[in-house]
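These notes concern the structure reproduced below.
The values are calculated or read from the model by the stated rules, or taken from the named source; none is laboratory data. These numbers come from a predicted model, not from an experiment. No Cβ is skipped: glycine too gets one built from the backbone with ideal geometry, and neighbour counts run over all protein chains shown.
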Amino acid sequence: MNQQQDQIEGAPLIRPSTTDHPLYEAVTEACRTVFDPEIPVNIFDLGLVYTIEISQENAVDILMTLTAPGCPVAGEMPGWVADAVESLPGVKQVDVKMTFEPPWGMDMMSDEARLELGFM
């Protein structure tokens, strides 16, 4: 789905995560163990993880992006995320997809990431 379709339908550009699922906190913590090699902050606090959807059967779908489409680890990072989340007790399967819509921006970083990088 492209950005124009989302705006026409009135849907948010980034689907909401399944924050009320019992595994959500563990999945976010697992995402925090994965780092962008060029930036000393984890991918979750950088705002690279757009959506974490967890089904009733505990299948986890993660939609993420990179700081730039030409990131040298673009091919590897989804695997790192999948490996981190698959090891969690109760997780049945993990599917990590990459998107560049909407593009990542520094405003997506958590306050912790901004502080770590000296932007606050």
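The set of residues in region 91-102 that are surrounded by 14 or more Cβ atoms within 10 Å (Cβ to Cβ) and over 13 Å from the mean Cα position of the chain (by Cα) contains only Val91. Cβ-Cβ distances below 9 Å connect the following pairs, each with a first residue in region 80-97 that is among the basic types (Lys, Arg), a second residue that is modelled with pLDDT of 95 or more and part of a loop (DSSP other than H, G, I, E, B), and a separation of six or more residues or different chains: Lys92/Ser55; Lys92/Glu57; Lys92/Asn58.
Of the residues making up region 17-34, those that are touching a residue at least 40 places away in the same chain (Cβ under 8 Å) and either aromatic (Phe, Trp, Tyr) or not in a loop (DSSP other than H, G, I, E, B) (or both) are Ala26, Val27, Ala30, Cys31.
Can we say Val73 is among the β-branched types (Val, Ile, Thr) and touching a Pro at 6+ places or on another chain (Cβ under 9 Å)? So Val73 passes the test. The residue that is modelled with the lowest pLDDT, among those in region 62-90 that are among the β-branched types (Val, Ile, Thr) and surrounded by 18 or more Cβ atoms within 10 Å (Cβ to Cβ), is Thr67.
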